[in-house]
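Participant: My structure is below; once you've seen it, I'll send some questions.
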Amino acid sequence: MASTSKEIDKEIPSLITLYKDGTVERPRQTPYTPPSLDENPHVSSKDIIISQNPSISARLYLPKPLPQPQKLPILVYFHGGGFFFESAFSQLYHNYINAFVSRVPVLVVSVEYRLAPEHSLPAAYDDCFAALQCVASHSSNDISEPWLIDYGDFSRIFIGGDSAGGNIVHNVAMRAGSLSQQVKLLGAIYVHPYFYSSKAIGSESMMSEHEKSLGHIVWDFVYPNAPGGIDNPLVNPLAPGAPSLATLGCSKILVCVAGNDALRDRGVWYYDAVNKSGWQGISELFEEEGEDHVYHIFHPETEKANKITECMASFILH
């Protein structure tokens, strides 16, 4: 009797499966949820189209009531999920950003970028930089999104993201540095950022087979043809031939790490490398002991989540 089960092409067990017929299963993907103009007493949100080809969209968030008459800093946000799951429109990130904006007077643009494996890297980087360019272009009123024009302060544009989104922050900031006349970026927030390399650092050296670690596996899955593999500069900013971190296109950075996170040492590694690069900016490092990867995303109302929110608020507002 012929088997009716589909044949697996490749997978990361419990996270994602790609079948040979092209279908994809993402068992940890949280449900999609609509924006809310009126239901939330503290935050309004709506969705916008940034590009039809490629397909890029975003969810905008505004605090209620709006502070008058001042305009708001703009935070362009890149969600996490290993480049292959989660969404700007998912319940997880919608709830988190609602909680964030209810506490911080900022206009958030949460970017819906293309995911692997349907769209391998560098698609996500291209989409997120295009979204930043779209936001920045509103300063000249060439594009008319009323929330951005009416409430956004284009002298205070920030980018931020968690996990894979923190990696995207780095790569978008590097592109902004090479195109500084086109994109004026004030600051960048890296929350538990995903970086890796063929050489183990810190606690990674305690693993028996570094090349079989999740950091390796994810990169191979989302960018299987990456030149240099795990030492591609997009994931290893200190790889041979990588552009200098001194060219980061912002004037201040905040790197957040968690004590129990497997990526903790990489965040500190990156922070130290930026400070040693000759980059002429202000850097901050925030660490929460005893917490794991993106704890604040899953539990945005907790006391420790409030601490990282307060740190990000201070970084953006002062």
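Participant: Is the shape of segment 58-186 best called rounded, prolate or oblate, per the rule: a/c under 1.5 gives rounded, else a/b larger than b/c gives prolate, else oblate, with a ≥ b ≥ c the square roots of the Cα gyration tensor eigenvalues?
Facilitator: Oblate, because a/c is 1.5 or more while a/b does not exceed b/c.
Participant: Leaving ligands, DNA and RNA out of it, report the carbon-plus-sulfur percent of the accessible area of segment 34-96 at a 1.4 Å probe.
Facilitator: 54
Participant: I've got another one for you. If a helix is a whole DSSP H run, which ones in the chain reach 15 Å or further along their own axis (Cα) and hold a mean Kyte-Doolittle hydropathy of at least -1.0?
Facilitator: 91-103, 123-137, 164-178, 303-317
Participant: Sticking with this one: Which whole-number value in Å² is the accessible area per residue of segment 99-222, probe 1.4 Å?
Facilitator: 35
Participant: Here's another thing I want to ask about it. Arranged from highest to lowest average of other beta-carbon atoms within 10 Å per residue, in what order do the peptides 182-190, 14-22 appear?
Facilitator: Going from most to least packed, we get 182-190, 14-22.
Participant: Considering lysine pairs in the chain that are 8 or more places apart or on different chains, how many have Cα atoms under 17 Å apart?
Facilitator: So the count of such lysine pairs works out to 8.
Participant: Carbon and sulfur atoms: what percent of the 1.4 Å accessible area of segment 118-260 do they account for?
Facilitator: Of the solvent-accessible surface of segment 118-260, carbon and sulfur hold 53 percent.
Participant: For segment 164-270, divide the Cα radius of gyration by the Kirkwood radius and give the resulting Rg/Rh value with two decimals.
Facilitator: Here the Rg-to-Rh quotient is 0.97.
Participant: Mind ranking 39, 211 by accessible surface for me, highest first, 1.4 Å probe?
Facilitator: Output order, biggest surface exposure first: 39, 211.
Participant: How would you rank 108-118, 271-281, highest first, on the average number of other Cβ atoms within 10 Å across their residues?
Facilitator: Ranking, from highest mean packing down: 108-118, 271-281.
Participant: Ok, one more. From zero outward in steps of 20 Å, how is the percent of C-alpha pairs of the chain spread across the bins?
Facilitator: With a bin width of 20 Å, the distribution comes to 33, 59, 8, 0.
Participant: Report the convex hull volume per residue for segment 112-173, counting only C-alpha atoms, in Å³.
Facilitator: It is 94 Å³ per residue.
The values are calculated or read from the model by the stated rules, or taken from the named source; none is laboratory data. Keep in mind it's a predicted model, so treat the numbers as computed, not measured. Cβ coordinates were reconstructed from backbone atoms using ideal geometry, including for glycine residues, and neighbour counts include every protein chain displayed. Only protein heavy atoms, including side chains, enter the accessible area calculation; ligands, DNA and RNA are left aside. Shrake-Rupley method; radii C 1.70, N 1.55, O 1.52, S 1.80 Å.
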